[in-house]
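The values are calculated or read from the model by the stated rules, or taken from the named source; none is laboratory data. Because the structure is predicted, anything quoted here is derived from the model rather than measured. Every residue, glycine among them, receives a Cβ derived from its backbone with ideal geometry; neighbour counts consider all protein chains shown.
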Amino acid sequence: MAKGKVYPSAEQALADIFDGAVVLVGGFAGQGVPEALLEALSRQAVKDLTCICSPAMPRGRQSSGFDVARLVASGRVSKVITPLLEYPGANSVLEQQRRAGQLTVEVVPQGVLAERLRAGGAGLGGVFLPNGAGTRFEEGKETREFDGQRAVLELPIRADFALVRAQTADLFGNLIYQGDARNWGPVMAMAAAITIAQVDRVVEPGGLDPERVITPGIFVHRIIAAGGATGGR
Amino acid sequence: MAEQKARLDRDVIAMRVAKELPDGGYVNLGIGIPTLVSGFVTEGSMVFFHSESGVLNCGPLAEEGHEDIDLINAGGQFLQPVPGMAFFNSAEGFAMIRGGHVDVTVLGAHQVSAKGDLANWMLPDRGVGNIGGAMDLAAGAKAVIVAMEHTDRENQPKIVQECTYPITGHGCVTLVITDLAVIRCTAQGLVLEEVAPGWTVAEVQALTGAKLAVSAQVKEYQL
């Protein structure tokens, strides 16, 4: 449906999230993180969420906003799938919960995660990737040779929800981003049953140059307008 | 004692790496010593830095007070905007890497083997490891330069016959630049090409866990 996408609040956009849901969270090193959605999610009465994000942990002065670590600290998450749980030596709540056995962590190479999400979003059965051939990331997976190079079959990821951050949306859900805060937004938006975009502002149809739209509205189901420290102005 | 002799510092390693970057080439820098390389690009040469955070043609690091919150590198550091940048999403960023469009990547390492195997994402007994984009870079970049200290904190060799830490990529390393030496990975094994000032070939070999062939043109570290 192309209509009725704008929700009055993050809470209402997340009202139907459920126990055990698989949630994609956009953002990279604290940039392009859907902070208002994560904060609202931390207050929902749900548990055992699986969070897929890259990397989970911001650092330095970008970490002032609400991030995946704070969502995990709220006790809503039982599993994180990520290329980088935290920057080395950070000893965040993520690593503490993992050591305490409260959080399951699955590490996945960043480019493999990107292609698994793209395969999920594009309806592919899987992709053969050269990454990880002959390493522990190959274990238990089908392999094939292409032009003498071994490749590993990686399966698609489809999630229940994607939470992404963009700069501006129009009422139909078309999105534009700011700088490299774009990062995971476009690929995650494709790979979820329900994609919720947190944007700085919403404009009428025609308010975005269609030549500049990065994520077409067909991939975006819900929009909330919320300002914040990162992800566009 | 070899252990007490002065070694080159991280900036000098980065300076030496920068000499390897092709004019007009697309280059991805890892975290640590590799991050420093962007500050030493040869004058008159133009290198296009790729960051998997989603920016091509990254500028130098931003000055304090002039940070753009939507412009960072893969290490989360703020960048200066420069003319001719392009932004892209993460899947495109890794398509650039995996698709063979990146000429050189510079990575840190825990170990490099005699066959050019790279181990740089996990130390045993240290959490779940930090794979990030290293495995994609090892598999996809046309050349992989390792920039690292020659030995670990216990002064044990990081260049070894076989990696004992989990592998990032097999046979992917093309050149190793350390605080003691420049070593090329070839089909015939490791070839010592340059030695740090004040060090002898024998002293470098003594701190290396794999046999080094010595280049006929072996010389002092070139800056």
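Things worth noting here:
- Put simply, of A:180, A:209 the only residue that is within 18 Å of the chain's Cα centre (by Cα), charged (D, E, K, R) and farther than 15 Å from residue A:4 by Cα is A:180.
- Checking region A:169-187 against the condition returns a match, with at least one residue being crowded, with 24+ Cβ neighbours inside 10 Å and without any contact (Cβ under 8 Å) to a residue 40 or more places away in the chain.
- Within region A:120-143, the set of residues being more than 10 Å from chain B (Cβ to nearest Cβ) and within 15 Å of the chain's Cα centre (by Cα) comprises A:120 only.
- Apart from one condition, residue A:154 fits all of (1) touching a helix residue (DSSP H, G or I) at 6+ places or on another chain (Cβ under 6 Å); (2) more than 29 Å from residue B:56 (Cα to Cα); the exception is (2).
- Residue, farthest from the other protein chains (Cβ to nearest Cβ), within region B:133-145, restricted to residues that are in a loop (DSSP other than H, G, I, E, B) and touching a residue at least 60 places away in the same chain (Cβ under 8 Å): B:141
- Answer residue from region A:155-168, given it is part of a loop (DSSP other than H, G, I, E, B) and among the aliphatic types (A, V, I, L, M) and is surrounded by the most Cβ atoms within 10 Å (Cβ to Cβ) among those: A:157
- Taken over region A:172-192, the criterion of being assigned to a helix (DSSP H, G or I) and in contact with an Asp or Glu (Cβ under 7 Å, 6 or more places away or on another chain) is satisfied by A:179, A:180, A:181.
- For region B:71-95, filtering for residues that are within 15 Å of residue A:182 (Cα to Cα) and out of contact with any Lys or Arg (no Cβ under 8 Å at 6 or more places or on another chain) leaves 10.
- Set side by side, the residues B:177, B:159, B:167, B:183 differ, and just one is over 22 Å from residue B:6 (Cβ atoms) and either touching a residue at least 60 places away in the same chain (Cβ under 8 Å) or surrounded by 14 or more Cβ atoms within 10 Å (Cβ to Cβ) (or both), which is B:167.
- Residues of region A:193-211 include at least one that is within 13 Å of chain B (Cβ to nearest Cβ), out of contact with any Cys (no Cβ under 7 Å at 6 or more places or on another chain), under 18 Å from residue A:66 (Cα atoms) and buried (at least 17 other Cβ atoms within 10 Å of the Cβ).
- Given (1) more than 10 Å from chain B (Cβ to nearest Cβ); (2) modelled with pLDDT under 95, index of the condition residue A:161 fails: (2)
- When residues of region A:99-117 are limited to those that are facing chain B (nearest Cβ under 7 Å) and surrounded by fewer than 23 Cβ atoms within 10 Å (Cβ to Cβ), the one nearest to residue B:88 (Cα to Cα): A:107
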